[in-house]
Structure formats: structure tokens, C-alpha cells
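Have a look at the structure below, then the notes.
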Amino acid sequence: MICYFSGTGNSRWVAKTVSARFADSRLVDMADAVVSGNSLSFNLSEGEQLGFVFPVHSWGIPWIVRRFIKKMTVNNYYSNLIYCILTCGDDSGLTNRMLQKLFRSKGWQCRHIYSVQMPNTYVVFPGFDADPVELEQKKKAEAVPTLNKIMAAIESDSPIDCYLQKGQQFLKSRIIYPLFCKFKMSSKPFYYTNKCIGCGICVKNCPTHNIRLENDRPVWGDCCTQCLSCLHRCPQTAIEYGKQSIGKRRYYYGKRDK
Ligand SMILES: Cc1cc2nc3c(=O)[nH]c(=O)nc-3n(C[C@H](O)[C@H](O)[C@H](O)COP(=O)(O)O)c2cc1C
């Protein structure tokens, strides 16, 4: 079973690639499972692996993923192999340690935590932008052999060193990450411009079902994870986030909705 969360498609691509290679790997959309109130109780068959695939947010675990893992129960866990593949722009911080702590609290063991560098999607802070097209393509091309290495390591249950980490980890993951979770989850800064045509693509693609249309225009609720799916996937580039996103690049992995 592969539990995944993705705002802009990178982690979805990883989850689907892994699922295509590993037999018996059904996909579970973590955000949908949490917000839809579906049962978070799962049965694993003997020898079935339990995978988690999701993006790094502010050098940590997106809250929706944390909530899913905290609440989920696995009825017949018997030392099934657990693995995590994170996607990030360039630095996963101490997300691996946060995951280990979370797994320990559930009595689970995980020896495979990896990260794959993918195009960056964080554009709503001064100095941050999506990658230029050449870098975006380079990262996507290099992710293929990296992911192959990771999948081989998981298949043979032989952990490898494949985790992206840069400096100042304590500051990023222990100080900025909690502040990000506390103060940056509001959807209030999102708004639509006069380019909005009311197509509803933002509504359809919001992983937490946090957007609805009123008079053919998007209205954001209060269950935002800051994945920026709405902003990046709007075909009219009609969605902005305060002043921070104006003039910044948009990015989405996969075919765009028209
Ligand atoms: C809110 C937010 C925070 C992010 N924080 C980080 C980060 O701390 N380190 C990093 O390398 N990339 C960061 N990124 C980039 C994403 O982790 C990366 O682009 C990821 O592959 C996006 O996955 P997705 O397309 O499945 O949503 C962030 C992106 C968002 C939207």
C-alpha cells in the first residue's frame, strides 16, 4: 500500500512510478482520506509493504500527512517493511527524524527514508520562485535514476544513503517549521484576479477539498495545507497569494487541465 499526498504532481508521479514497479501497491490519497472522514483503518497482507510518499513542506512533514499517519491504524502490522520517499526542491531538513519519531510512537520501524529532488513549488515567500524550465527538466530527468536506486534498495531491503540535507537543519526544522505550521496555514492571502473565468479547476484539484465556487468564483475555506495546487494549476494564472506570488513562475508535473 502506498499512501501519498501531492499538491503539484511531483509526489503523485513518484507514487505512481513506485506503484507501477511494486506489485500489490494500492494507492491511498492521504489528504482525501483525512478530509473525507473515510476510515483510516487498514489491513496489510503478509509481506505487504507500507509506503509513504509526499512533499517536504518547510523542512518538515505537511500537517495533513502528519494527521493521517497519527490517526491511521494498521490492523495486522507484523514488522511489514515501511518506507518513505519525500520529494523536495533541494533540502529535506530533519523530516526524516520527525518521521522516525512519529513511527516510534506507533511502534513501527522504518529503515528506508529517502528524498528525491524535484522542481520547486514554493513561490510565496520573498526570494523563492519555481525553477527555470531548464533546471526543472534537469531535476525531472535526474529523478528517474534516483528513484530507480531507491526502489531497488527497498526491494532488496538494503538501505542506501539518499537523502537531501543542507545546513542549518535545527533552525529550519525545529524553529521555522513549527512557526510555519502555526502561522502560515491560512488561506486568507489567496485571491483570484479578473483573469478568473470560473472554470472550477482549482476546486477540482484542491487535495483537501478546501475551495468551492460561489457565483462562479473560488472561495477558500479553512482547511489549507499550503500545497499551492490552486495557484500553480490555474490555467489562467488567475490565482495569487498576497503580493508574494505576483510575477512568479507556475509549475505542475503532468498534463495541465485546460
Ligand atoms: C509550502 C511548501 C513548502 C516547501 N518547503 C520545502 C522545503 O522545506 N524544502 C524543499 O527542498 N522544498 C520545499 N518545497 C518544495 C516541494 O517540497 C517540492 O517542490 C515538492 O516536490 C512538491 O511536491 P508536490 O508537487 O507533490 O506537491 C516546498 C513547497 C511548498 C508548497
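Here's the list of lysines a cross-link from Lys166 could span, going by alpha-carbon distance under 19 Å and ignoring same-chain residues fewer than 8 apart: Lys139. Ligands, DNA and RNA are left out, and with a 1.4 angstrom probe the accessible area of the chain is 48 Å² per residue.
What translational diffusion coefficient, to the nearest whole µm²/s, does the chain have by Stokes-Einstein, given a Kirkwood radius computed over alpha-carbon pairs, a temperature of 10 °C and 1.306 mPa s viscosity? Translational diffusion coefficient: 84 µm²/s.
Helix 95-105 and the longest principal axis of the Cα set of the chain meet at an angle near 60°. Taking the helices alone, the chain has a mean residue ellipticity at 222 nm of -9000 deg cm²/dmol, built from -39,500 (n - 2.57) per DSSP H run of at least 4 residues and averaged over all its residues.
Per-atom-type breakdown for the stretch 190-241 gives carbon and sulfur 47% of the accessible area (1.4 Å probe, protein chains only).
Using the alpha-carbon positions of the stretch 190-241, Rg (one decimal) and Dmax (whole number) come out as 9.5, 25 Å.
The angle between the Cα long axis of helix 133-155 and the longest principal axis of the Cα atoms of the chain comes to about 20 degrees, rounded to the nearest 10.
When we measure straight from the Cα of Lys182, which lysines land under 16 angstrom away, once same-chain ones fewer than 8 places off are left out? Once the sequence-local lysines are set aside, what remains near Lys182 is Lys172. When every alpha-carbon pair in the stretch 1-69 is counted, what percent end up more than 14 Å apart? Every Cα pair in the stretch 1-69 considered, those over 14 Å come to 58 percent. Structural descriptor for the chain: relative contact order 20 percent, calculated from alpha carbon pairs under 8 angstrom and at least 6 residues apart.
The values are calculated or read from the model by the stated rules, or taken from the named source; none is laboratory data. Not measured: the values here are computed from a predicted model. Only protein heavy atoms, including side chains, enter the accessible area calculation; ligands, DNA and RNA are left aside. Shrake-Rupley method; radii C 1.70, N 1.55, O 1.52, S 1.80 Å.
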